[in-house]
Structures are given as structure tokens and as C-alpha cells.
Amino acid sequence: MNWNTVLKVATGIVIVPISIIAHKLWPWWTQTPMPIRIISSIIVLPIVGIAAIVTPWWEGL
């Protein structure tokens, strides 16, 4: 059994949806007015940050 493949599949169940959400949210978020950005930054920025950190690691597995 290839453990890299098992790890990639297991983590991909979480990482892939987060990356897709971040990819869709970022263009919308950058074009919204500043008050909406401030309010929504509590949700949008952590999602985008997590995706930016874990996606290169996941692709390298």
C-alpha cells in the first residue's frame, strides 16, 4: 500500500473543497466595498490563508 497516496486522498477530502472555495471567494472579496470586506474578512481570509499554505504541500505529495 502506498502511504503517500492514502495520505493524499485522506487530506484531499478537506483540502480540495477549501481550495475551491478560496478560488471562488477571492475575486468576489477583492471587488466588494471596504465595509463588506472588513466584516467578511473574518471568514474569507482564514479560508484563503489555509488554502495558500496547504495546497503546495498537498500537490507535492
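Quick notes
- Residues of segment 5-53 satisfying the condition of being among the small types (Gly, Ala, Ser) and surrounded by 11 or more Cβ atoms within 10 Å (Cβ to Cβ): Gly12, Ser19, Ala22, Ser40, Ser41, Gly49, Ala51, Ala52
- Qualifying positions in segment 16-50 - among the small types (Gly, Ala, Ser) and in contact with a Phe, Trp or Tyr (Cβ under 9 Å, 6 or more places away or on another chain): Ser19, Ser40, Ser41
- Any hit, segment 24-34, residues being touching a residue at least 24 places away in the same chain (Cβ under 8 Å) and in a helix (DSSP H, G or I): no
Since every read-out is calculated from the coordinates, none of them should be taken as a lab result. This one's a predicted model, so the numbers in the text were calculated from it and none came from an experiment. All Cβ positions, glycine included, derive from the backbone under ideal geometry; neighbour counts span all protein chains shown.
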